[in-house]
Structure formats: structure tokens, C-alpha cells
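The values are calculated or read from the model by the stated rules, or taken from the named source; none is laboratory data. These figures come from a predicted structure and were not determined experimentally. Methodologically, a virtual Cβ is constructed for each residue, glycine included, from the backbone with ideal geometry; neighbour enumeration extends over all protein chains shown. Surface areas here come from the heavy atoms of the whole protein model, side chains and all, with no ligands, DNA or RNA. Shrake-Rupley method; radii C 1.70, N 1.55, O 1.52, S 1.80 Å.
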Amino acid sequence: TLLGNSRPQDILKTPIFFSAAAVSDYVPTKKTSGKLKKIDLGQQWNLTLHQNSDILKEVVQDNVIRIGFKAEFDSNNALESAKTMLEHKNLDGVALNVLGGDIHFGSDHSQMTFITSSKIINIKNAPKVLIAYNLLHQVKGSFQ
């Protein structure tokens, strides 16, 4: 099978750090414990947010391949946005998903574009487990 034919010489010895999308780009400035009550907040409530830390940008370690994931709805600017992410976060690669049509959050299939500083590789529409396998194969081939 595709997933079970690894040989010892096929194994990439360098650790790979895959970072999923941020849980939240912004978080509340004021933290509270417990439930906020309407009676205490009044008729209007202003929520002040500040930018959350960027874990992927902060993980800097020698001898670790760093791959970020990027989901975009704007197919016209998605590739440029992924290239910017690659550069600004000093990543080794970006796995780009352009969402729309049959490709959406929660779907069983996906397609992806794997981007490095020297390559752009399209991974065709397939079940997500095969997309993951193909991405691992592309990372191994790009950084071995």
C-alpha cells in the first residue's frame, strides 16, 4: 500500500514541525474567569482584542524543517499570500489549501499546493489521508 512500504533508507532523519493554522489571530485583552453577566455588562459591551502570538514564527530551531499550513478563499491572491508567509515566517515550506467549490473545511477530499523557496508542487484532489502522505513525500524529497 502507499502508506506501508517505507524502507529504512527512505526515512528522513531531520525532524519536521508541521504547524496547523492559528486557533485565533486575536485574543481578548482583558481576561476573566467565569461567566460574564449581562447585568454587569449593561446594554452595550465593547470587546478589546490584541494580536495573539504567532507560534509558527516563534519556533526557530536549527535542524528542524518547518512547514506551515495556509487556507485561503481568494484563489487570485492565494499563491502570493503563501509565498509571503514562507518569507516572513522564515519557513521551509507552506502547504496551501485554496477553499471553494468541493474543497471546504470538513470535506473528505482536498487538494494542496506545496511551496518552498525553489518549488511549487500541486497535489491533486484526493482523500485527505493521501494528501497527507503525498505532502510528507514532497517534504522528504525537498529536504533530503
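Checking the structure you have, find out if any residue of segment 103-119 is among the aliphatic types (A, V, I, L, M), over 15 Å from Ala71 (Cβ atoms) and surrounded by 12 or more Cβ atoms within 10 Å (Cβ to Cβ). Outline the logic, then answer.
Within segment 103-119, the first condition is being among the aliphatic types (A, V, I, L, M), and the residues that meet it are 103, 112, 115.
In the following step, the residues that additionally are over 15 Å from Ala71 (Cβ atoms) were identified as none.
No, there is no match, as no residue in segment 103-119 is among the aliphatic types (A, V, I, L, M), over 15 Å from Ala71 (Cβ atoms) and surrounded by 12 or more Cβ atoms within 10 Å (Cβ to Cβ).
Val139 - would you say it is surrounded by fewer than 15 Cβ atoms within 10 Å (Cβ to Cβ) and more than 23 Å from Phe73 (Cβ to Cβ)?
Details: surrounded by fewer than 15 Cβ atoms within 10 Å (Cβ to Cβ): no; more than 23 Å from Phe73 (Cβ to Cβ): yes.
Criteria not met by Val139.
Filter segment 61-97 for residues that are outside any helix (DSSP H, G or I) and among the aliphatic types (A, V, I, L, M) and give the result.
First pass over segment 61-97, keeping only residues outside any helix (DSSP H, G or I): 61-77, 89-97.
Within segment 61-97, Val64, Ile65, Ile67, Ala71, Leu91, Val94, Ala95, Leu96 qualify.
Does Thr84 count as open to solvent by 40 Å² or more (accessible area, probe 1.4 Å) and closer than 14 Å to Ala71 by Cα?
Numbers: open to solvent by 40 Å² or more (accessible area, probe 1.4 Å): yes; closer than 14 Å to Ala71 by Cα: yes.
Yes; evaluated as a whole, the condition is true for this residue.
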Checklist outcome for this item: If we ask which residues in segment 7-30 are more than 21 Å from Met85 (Cα to Cα), open to solvent by 80 Å² or more (accessible area, probe 1.4 Å) and modelled with pLDDT of 85 or more, their number turns out to be 1
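Please find, among Val94, Val60, Val98, the residue that is in contact (Cβ under 8 Å) with a residue 12 or more places away in the chain and exposed (fewer than 13 other Cβ atoms within 10 Å of the Cβ). Full working, then the answer.
Values: Val94 fails: exposed (fewer than 13 other Cβ atoms within 10 Å of the Cβ); Val98 fails: exposed (fewer than 13 other Cβ atoms within 10 Å of the Cβ).
Selected residue: Val60, the only one of Val94, Val60, Val98 that is in contact (Cβ under 8 Å) with a residue 12 or more places away in the chain and exposed (fewer than 13 other Cβ atoms within 10 Å of the Cβ).
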Checklist outcome for this item: The correct count of residues that are out of contact with any strand residue (DSSP E or B) (no Cβ under 9 Å at 6 or more places or on another chain) and over 16 Å from Ala20 (Cβ atoms) in segment 47-75 is 2
Checklist entry - What pairs come up if the first residue lies in segment 37-54 and is in contact (Cβ under 8 Å) with a residue 24 or more places away in the chain, the second is among the β-branched types (Val, Ile, Thr) and open to solvent by less than 90 Å² (accessible area, probe 1.4 Å), and their beta carbons are under 7 Å apart, counting only those six or more places apart or on different chains? => result His50/Val27; His50/Thr29; Asn52/Val27
